[in-house]
Amino acid sequence: AQSVAQPEDQVNVAEGNPLTVKCTYSVSGNPYLFWYVQYPNRGLQFLLKYITGDNLVKGSYGFEAEFNKSQTSFHLKKPSALVSDSALYFCAAGGNTGFQKLVFGTGTRLLVSP
Amino acid sequence: EAQVTQNPRYLITVTGKKLTVTCSQNMNHEYMSWYRQDPGLGLRQIYYSMNVEVTDKGDVPEGYKVSRKEKRNFPLILESPSPNQTSLYFCASSVGRGSGPPPDTQYFGPGTRLTVL
C-alpha cells in the first residue's frame, strides 16, 4: 500500500536559518511527489512537484526539494527561512503503475521565529 | 480567476439531518476529489471523480455520497451525518491523466468546516 511519512509534527527554526521538512514515501513504480502548504484558514496551495528529471526541484517562494530514490525521500528545503513561511506543510505521493491515488502525509507545522 | 469554490464555508448541524456541500471549479478540470482533514491524520481522500459520471471511493467513503453530473461541479452529500464526520473538508481539482498515474497538481478550495452535534 502507498504511504507517506512526515516524521516531525513540528519544526522550529529561526528567521534567516535554513530549514528542512522531511518526507519519505512508499509507492509502486516511479513516484510522483508533491509539496503543498496550508496557511491558517486557507486551503492547500501547491509548492512544487517531482515527476521526472532533475532530483533537485525548485518551487514557489524560494522552496526546493530533493528527490532521493535510494532513500525514498523528498525533503523540502529553503536556504533562509522567513517568519511568513510559518504554516502547515504536506507531502503527497503516488506511483505511476496502474491507477494510483495520491496519498498525503500527516503534515508538519513549521514555526519560524523572528 | 481560476479557482475552486466551496459552500458553505462553515456549517453546524445535528445528527441525521441531510446536508450537501457544493464544490465548483472554473478550470475545466477532469479530475475532482474530496478530502477530509483531521488533526494528526492529515488529508484523507473520501471520493474522487475522473470525469463526468465517473466516480470512485477514496480511503474513507463511509457515510458520504457524491455525484458528477457536470464537469464543473462535484457535490458531497452526507445523507445522515454523525458526530464522527465533524471535520474540515476540502474539494480539489486537477487536469486528468486518464486511468493512469495519480492526478497532477491539485487546486484546492478554501475548505468547509463541518460540525455535527
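The numbers here are math on the coordinates, done by the rules we state, and not lab data. Values in this document were obtained by computation on a predicted structure and should not be read as measured data. For neighbour counting, all protein chains shown are included, and Cβ atoms are generated from backbone atoms with ideal geometry for every residue, glycine included.
Quick rundown of the values:
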quantity	calculated
Total residues in the range B:33-49, condition outside any strand (DSSP E or B) and within 8 Å of chain A (Cβ to nearest Cβ)	2
Identity of the residue in the range B:69-97, touching a residue at least 40 places away in the same chain (Cβ under 8 Å) and β-branched (Val, Ile, Thr), that ends up nearest to A:ALA92 (Cα to Cα)	B:VAL95
Residues satisfying the stated conditions in the range A:35-55, i.e. assigned to a loop (DSSP other than H, G, I, E, B), more than 10 Å from chain B (Cβ to nearest Cβ) and closer than 26 Å to A:ASN96 by Cα	A:THR52, A:GLY53, A:ASP54, A:ASN55
Residue ID - farthest from the other protein chains (Cβ to nearest Cβ), chosen from residues in the range A:56-114 that are among the acidic types (Asp, Glu) and closer than 25 Å to B:ALA92 by Cα	A:ASP85
Subset of the range B:98-117 [without any contact (Cβ under 8 Å) to a residue 12 or more places away in the chain and out of contact with any Lys or Arg (no Cβ under 9 Å at 6 or more places or on another chain)]	B:GLY100, B:PRO101
Search result, residues across the range B:1-29 that are of a type in the set (A, V, I, L, M) and in a strand (DSSP E or B)	B:VAL4, B:LEU11, B:ILE12, B:LEU19, B:VAL21
The range A:12-34, residues that are within 11 Å of chain B (Cβ to nearest Cβ) and assigned to a strand (DSSP E or B)	A:PRO31, A:TYR32, A:LEU33, A:PHE34
Any hit, the range A:61-74, residues being over 16 Å from A:ALA5 (Cβ atoms), of a type outside the set (D, E, K, R) and in contact with a Phe, Trp or Tyr (Cβ under 6 Å, 6 or more places away or on another chain)	no
Those strands (runs of 3 or more DSSP E) lying entirely in the range B:50-117 with at least 1 residues facing another protein chain (nearest Cβ under 9 Å) and of a type in the set (Phe, Trp, Tyr)	B:87-94
